[in-house]
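Encoded as structure tokens, the structure appears first; notes follow it.
What follows is calculated from the coordinates using simple rules that are stated; it is not laboratory data. In this text, all values refer to a predicted model and were calculated from it rather than measured experimentally. Cβ: placed from backbone, ideal geometry, glycine included. Neighbour counts: every protein chain shown.
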Amino acid sequence: MSSRTRALLDQVVADLDRVLSDDALAGLSDAERVEVLQAAGAAFRRLEAVVVETIATGDAVEFPHSTGCRTQSELLQRTLLTDLRGATRVGKVVDLVRRRVNLVSGDRMPARWPALREAMLDGAIGVAGMLAATEPIEKVSYRISAADRLDADECLARAARGVRPDPQAGPGAEVQGPAPTLDELKLLAETLVSLLDPDGDEPGDEPARRRGITLGRVRDGLRSIKGYLTPEVAAQLELILDAVNNPKGDGPPMPGVAFTPTDSGAADDDPYNSDPRAVIDDRTAAQKRHDAFAVALAIAARHRDMPTLGGASPTLVVTVDAKDLENGTGRASVSGAWGQLPASVASHVGCSGTIQRVLLDEGRIIGITTTDRVFSVHQRRAIIARDRECLIPGCHVSASWCEIHHVTEHARGGPTHTDNGVPLCWWHHRSLGTSGWEIRMNDGIPQVRGPAWWDPAQRWRTPRLSLPEESALAPAG
């Protein structure tokens, strides 16, 4: 049977090859082109039905595993040469038409949408049509009975075949007409929803059910994040972002860090200390929220109450060639990022993390070494107490929310020591190599030199810190 099925499909492919050969389509009239499109649509919908039924009649878990694929989606992507979105759409229809096996009798039970399934097998509706017809009703399926859903199934299947009520012939009479567009079919489904569920959700019920977050694929170096948050979760996130972008209360007294020129001149005569913000921040509001979100995630990942993965805190794994890391060139890959990233990202992540070097020889692992470059809890507390906030002037992100930056890079021999660590917020740490800001240590005291637009004299400046009393630096008794 399987060889016969394959032979029939091979014949279909061969026939289509003949249609596409010899440039035969180029000589068609407009009327003939319409006929070809209609016939191609019928063939396309039946091919989709073959794909759906082939998956639906197999075991949902064992079938993909038996082919060496982790999931049904991977199997569809590899066999159909489609993308994740296309495989997901087919998978949704499979769930709608799958006829599960009765564990007692061994017989196949009816599909969730039996009439639409038959319409799909007859070529009246394809994958997109199935989703258009069922999604509005599936969203409220928990509030309508199975009998109502099956009645809607019959109504939608007749509509998909072009069968419509004939008011001129009397009640219950029907007439055959053209098949509806997908928008018309979806509108009919939404109308049925309003009839089957006129009251809708209880107040406050629908938002909670629609909650969710989706991470998209990498496109142009970025991943999209989409979704809906319940009001209280959104409010909590907004408070966190506002706290990072506009820290008050726990941070240093405003204007926070000021800078004293180390070469000459008094601080009071320094024109660069006249502006409380002391720096131009050209990030958009959306970019600031993104960077604040990154800070919140970093804090959450290292928090002691964060659940572990495999016995360790959630760890971001960055893979990069050692030479590329040293030179700041080439590309790096980040676990879960689904794409290549600049080597500077690896340098940024590795600056406040642990580097594990894996030595490969023609694909074989021949050596593993770990370089600990993470500032300890005690070192971090001391640096926070010394610097109080992000070291870049005008940035008032609290040091407790910052990443600790190795002033002399660890890869160039810089020690993981308080004399070599300063706090930088996520954005200033990420952009340090290209922003024009420079940092150095002078006998354990950090100094900053700004870009030419900030200080044409290009002088090194020592933070005039708002330190607490020295006793505050001592451990609590």
Sequence-distant residues sharing a close amide H with E389 (under 5 Å, placed H): A399
Charge tally in the Cβ shell below 12 Å around R98, where Lys, Arg are +1 and Asp, Glu are -1, R98 excluded: +3
T408/T214 FRET efficiency (R0 41 Å; Cβ-Cβ; nearest 0.05): 0.50
Distant-in-sequence amide H partners of V163 (H built 1.01 Å from N, under 5 Å): G177
The stretch 394-402 - phi-based ³J(HN,Hα) in whole Hz, Karplus 6.51/-1.76/1.60, Gly and Pro as x: x, 9, 10, 5, 4, 4, 5, 9, 8
Against the rule of thumb 2.2 N^0.38 Å, how large the Cα Rg of the stretch 24-200 comes out: 1.17
Nearest-0.05 FRET efficiency for R381 and Q236, computed from C-beta distance (R0 30 Å): 0.70
Phi to ³J(HN,Hα) by Karplus 6.51 cos²θ - 1.76 cosθ + 1.60 over the stretch 174-191, Hz, x for Gly, Pro: 10, 9, 7, x, x, 5, x, 6, 5, 5, 5, 5, 5, 5, 4, 4, 5, 5
Net charge contributed by nearby residues that have their C-beta within less than 13 Å of H429 (K/R +1, D/E -1): -2
Full-stretch length increase - S224, V19 - with 0.36 nm per residue and alpha-carbon distance subtracted: 69.7 nm
Kirkwood Rh and Cα Rg combined as Rg over Rh, evaluated for the stretch 39-128: 0.98
In the stretch 1-99, the trypsin sites (Lys or Arg not before Pro) that fall in loop regions by DSSP, at most 12 other Cβ within 10 Å: R70
In Hz, Karplus ³J(HN,Hα) per residue of the stretch 428-438 (6.51, -1.76, 1.60; θ = phi - 60°; x = Gly, Pro): 5, 5, 5, 9, 4, x, 10, 7, x, 6, 10
